[in-house]
Amino acid sequence: MVTLLSAASAHAQQQAIDPTGLSFDAAARTARFQLIAGLTGLNGALNFNGFSDGGLTFVVPVGWRTEIDFRNHDGMLPHSAEVIAPQTPLPIQPVDPAIPRAFTLRLAEGLISEATDTLRFTAQPAGDYLIFCGVPGHGAAGMWIRFQVRASAKTPALLLTPAPGKRCCE
């Protein structure tokens, strides 16, 4: 069973979440999310799953094993992904991941079109994070979504983030 929640905002209402990209096994405390770079032309293809500037939030219960299956769908640009701490201003290149092992290969260079990698990590500690493209300039240009590790979450969820904006951490 997949939990899909949405929060209203004018921007978010124009986009829909594809719930097929999220699956989980509650008994095994495992979440799996398909993270697709450059899925649409939104933001010059600098997006994850068609969302940019924090417009999508992936929520995981604290302590769950998390697998993020990354694929670069962008036919022109390389992309990468890492879980970072929210910061202002956003970095212009890769930084140390906020959670051990929560990053793709070739963070700065990016993975070429249709290349894949899997991030495997335990979702802890509880807190707010960003899933951020580490290719120089991409994340700062809006190629990031939100990632929340919550003690109160019972199951993983994808949320439309209310009032996403160009700034991540105010």
State whether one or more residues within region 135-146 are over 17 Å from ALA45 (Cα atoms) and not basic (Lys, Arg). no
Going through region 41-69 in order, the residues found to be over 19 Å from TYR129 (Cβ atoms) and over 15 Å from the mean Cα position of the chain (by Cα) are GLY41, LEU42, ASN43, GLY44
Leading residue by the ranking (surrounded by the fewest Cβ atoms within 10 Å (Cβ to Cβ)) among those in region 97-129 that are out of contact with any strand residue (DSSP E or B) (no Cβ under 8 Å at 6 or more places or on another chain) and not aliphatic (A, V, I, L, M): GLU109
Restricting to region 139-159, give me the number of residues that are buried (at least 22 other Cβ atoms within 10 Å of the Cβ) and under 15 Å from ASN49 (Cα atoms). 8
Considering (1) surrounded by fewer than 18 Cβ atoms within 10 Å (Cβ to Cβ); (2) in contact with a helix residue (DSSP H, G or I) (Cβ under 8 Å, 6 or more places away or on another chain), say which one PHE51 fails and leave the rest. (1)
So, in region 56-96, of the ones that are small (Gly, Ala, Ser) and touching a Lys or Arg at 6+ places or on another chain (Cβ under 8 Å), which residue ends up surrounded by the fewest Cβ atoms within 10 Å (Cβ to Cβ)? GLY63
I'd like to know if region 86-98 contains one or more residues that are out of contact with any Phe, Trp or Tyr (no Cβ under 9 Å at 6 or more places or on another chain), within 20 Å of ALA157 (Cβ to Cβ) and hydrophobic (A, V, I, L, M, F, W, C). no
Pairs where the first residue, in region 117-129, is under 13 Å from THR30 (Cβ atoms) and touching a residue at least 60 places away in the same chain (Cβ under 8 Å) and the second is among the hydroxyl-bearing types (Ser, Thr, Tyr) and surrounded by 16 or more Cβ atoms within 10 Å (Cβ to Cβ), C-beta under 6 Å, 6+ apart: ALA123/THR66
Within region 1-84, considering only strands (runs of 3 or more DSSP E) that don't extend past its boundaries, which have at least 2 residues that are at pLDDT below 95? 3-6
Strands (runs of 3 or more DSSP E) within region 87-170 that include 2 or more residues basic (Lys, Arg) and modelled with pLDDT of 95 or more: 144-150
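The values are calculated or read from the model by the stated rules, or taken from the named source; none is laboratory data. Keep in mind it's a predicted model, so treat the numbers as computed, not measured. Cβ sites come from the backbone with ideal geometry, for glycine too, and all protein chains shown count toward neighbours.
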